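First the structure, in the form of structure tokens, and then the observations on it.
The values are calculated or read from the model by the stated rules, or taken from the named source; none is laboratory data. As the structure is a computational prediction, the values presented were derived from the model and not from experiment. Please note: Cβ atoms are built from the backbone with ideal geometry, for glycine as well, and neighbour counts cover all protein chains shown.
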Amino acid sequence: METTIEEIKEKPLKDRIIDFIQKDVPDHLDSFSYCMGATPLIFFLVAAITGVLMTFYYIPYSEKAYESVKAITSEIYLGWFIRGLHKVSINLMIFTLFLHVVRVFITRAYKTPGELKWFFGVGLFFTTLAMGFTGYSLVYDQVSYWGMTVVMNMIAEIPIIGSPLAYLLRGGSEVSEITLLRLYDLHTKLLPLLLVLLIGGHIVTITVLGFAKIEGREGTHPFYPDHAMKVGLIAIGLLILMVNIVTIFPPTIGPMADPLEVASNVAPPWYFSAVYKWITIAPRQPALFGILIFSIVFLSYPFIDRFLTERGFNMERINIVFGAVAVLAFAALTLWNAL
Amino acid sequence: MGVINDDISRRKFLSSAFMALGLGFGLGALGLRFLQFLSPKVTVDRFEEILVGSISDIQDSDITPMEIGNVRIFLLKTDTGLMAFSRKCTDLGCLVNWDKARQEFICPCHQGVYNRNGKNIAGPPPRPLDRFQVVQKGENIYVKVRVA
């Protein structure tokens, strides 16, 4: 249906809104693997609300940070619930992001004209992981302190920009109270802003460019009420799930950061443990370069796909193999680290 | 939606380009200033000899961790004499511990291993433990460390 700008301008606002929310979405969004993109968004909203709530009690100063998190967890009324929701939502957000990325990769949904969606998505993926890291640092227990130390030194290994970047993030050559304040600022201001912009970009590109097309499933249904109601139902289901997880596994806090002693049982959160295991088993420089090259390949994958397709490679099969290997390697490293 | 403004003249293009260049420089300079504001203060390294004990205090088998002027060290007798090792792992900056049973320095973060002489013998560390200069004046032992 072709509409000119004049026609749209003539319509009253109410009709324009109705037109907008009743935009057609393809029928394949009905299957669960294709609406995995909305789930991280739901978790993000929960994390954002609980995160803002916690800033009313958290003190980003090295001598007070740990105490304030402890107070949130055990003294403040419902503090354990808010912190628990924050933690669970972030964990599930990262988990569903992984699923979403794998699905997009396997179905090659980044193909032209979907490249921009992929770039926004990759940006979202890394920003979310950065949120995970900075969030962990704020607790200021042993995992936070030594995690900060190790990650800052890893950043410093990036060629050319690494050293100044690490210096800037740390606010000096050692992890200190300046570092905590900087990571707090990143976690509560700059990264959320970036995340919201990227989410906006991701959604706007999908609205403008349309969803990926799947052969043989060309039917459509309106976004509202059909799809919106379904996503709403999923959101309610996920909320129930989160509340249950928080009540069964309330948040805990490790021993306080001690710059003089590395605790022997310090382990990163599960989504970093594959990388952690990787840098432990592989020689240092190749391991870090491996991560860097993986990230660059990940970001530019739509172009790599196009390049190889033009040369007659069966990318569908290659992607299934690549995807399976990546998922298995991630799972194997994670489990190995847990042993 | 077609291409709009495709009839731009050379004069107009050059003038716009010139303006854009100026704007870019201006904003770039401002951005640089913002970045400079965030850059931490550069401190001049100052080394100082700090008294850590007397020679008779240090037994052959003793390996004691100590903190002098924000620097964490191990002071011990190695095969080549009295040494002060930094406890900072040369891998990614965790603190090494002395494992008495294995007679080795172990980094708990990524399982780096150093022998008694500070040499990296296993795991990811790329080089031996950093050393600080040990100065002996009579009975007294001083370690030269960086102070803030």
Residue, farthest from residue A:41 (Cα to Cα), within segment A:220-262, restricted to residues that are within 14 Å of chain B (Cβ to nearest Cβ) and of a type in the set (A, V, I, L, M, F, W, C): A:260
Those helices (runs of 4 or more DSSP H) lying entirely in segment A:1-112 with at least 1 residues surrounded by 14 or more Cβ atoms within 10 Å (Cβ to Cβ): A:38-55, A:62-74, A:79-107
Some residue of segment B:94-108 being among the β-branched types (Val, Ile, Thr) and in contact with a Cys (Cβ under 7 Å, 6 or more places away or on another chain): yes
Members of segment B:96-106 that are buried (at least 21 other Cβ atoms within 10 Å of the Cβ) and either more than 22 Å from residue A:155 (Cβ to Cβ) or in contact with a helix residue (DSSP H, G or I) (Cβ under 9 Å, 6 or more places away or on another chain) (or both): B:105
Residue match in segment A:164-185 (condition: outside any helix (DSSP H, G or I), out of contact with any strand residue (DSSP E or B) (no Cβ under 8 Å at 6 or more places or on another chain) and either surrounded by fewer than 15 Cβ atoms within 10 Å (Cβ to Cβ) or polar (S, T, N, Q) (or both)): yes
Of residues in segment A:263-280 being at the interface with another protein chain (Cβ under 9 Å from one of its Cβ atoms) and at pLDDT 80 or above, the one nearest to the chain's Cα centre (by Cα): A:276
Checking residue A:215 against (1) more than 14 Å from chain B (Cβ to nearest Cβ); (2) in contact (Cβ under 8 Å) with a residue 24 or more places away in the chain, the condition it does not meet: (2)
Filter result (more than 16 Å from residue A:153 (Cα to Cα) and within 20 Å of the chain's Cα centre (by Cα)) within segment B:80-95: B:83, B:84, B:85, B:86
Top-ranked residue in segment A:289-319 [being among the aliphatic types (A, V, I, L, M) and in contact (Cβ under 8 Å) with a residue 40 or more places away in the chain; ranked as nearest to residue A:124 (Cα to Cα)]: A:299
Among (1) facing chain B (nearest Cβ under 10 Å); (2) in contact (Cβ under 8 Å) with a residue 40 or more places away in the chain - the single one residue A:168 does not satisfy: (2)
Cβ-Cβ under 7 Å pairs, at least 6 apart or on other chains, segment B:84-108 side more than 9 Å from chain A (Cβ to nearest Cβ) and among the acidic types (Asp, Glu), far side in a strand (DSSP E or B) and surrounded by fewer than 21 Cβ atoms within 10 Å (Cβ to Cβ): B:99/B:106; B:104/B:113
Extreme residue, surrounded by the most Cβ atoms within 10 Å (Cβ to Cβ), among residues of segment B:50-83 that are more than 14 Å from every other protein chain (Cβ to nearest Cβ) and at positive phi: B:53
Segment A:193-220: number of residues that are among the small types (Gly, Ala, Ser) and in a helix (DSSP H, G or I): 2
Search result, residues across segment B:109-123 that are away from chain A (no Cβ under 11 Å), touching a Ser or Thr at 6+ places or on another chain (Cβ under 6 Å) and surrounded by 20 or more Cβ atoms within 10 Å (Cβ to Cβ): none
Flag for residue A:160 being away from every other protein chain (no Cβ under 14 Å), of a type in the set (A, V, I, L, M) and farther than 23 Å from residue A:95 by Cβ: yes
Flag if residue A:318 is over 24 Å from residue B:125 (Cβ atoms) and either out of contact with any helix residue (DSSP H, G or I) (no Cβ under 6 Å at 6 or more places or on another chain) or assigned by TED's automatic domain parsing to the domain that holds residue A:123 (or both): yes
Hits in segment A:181-218 - residues which are of a type in the set (Gly, Ala, Ser) and within 18 Å of residue A:126 (Cα to Cα): A:200, A:201
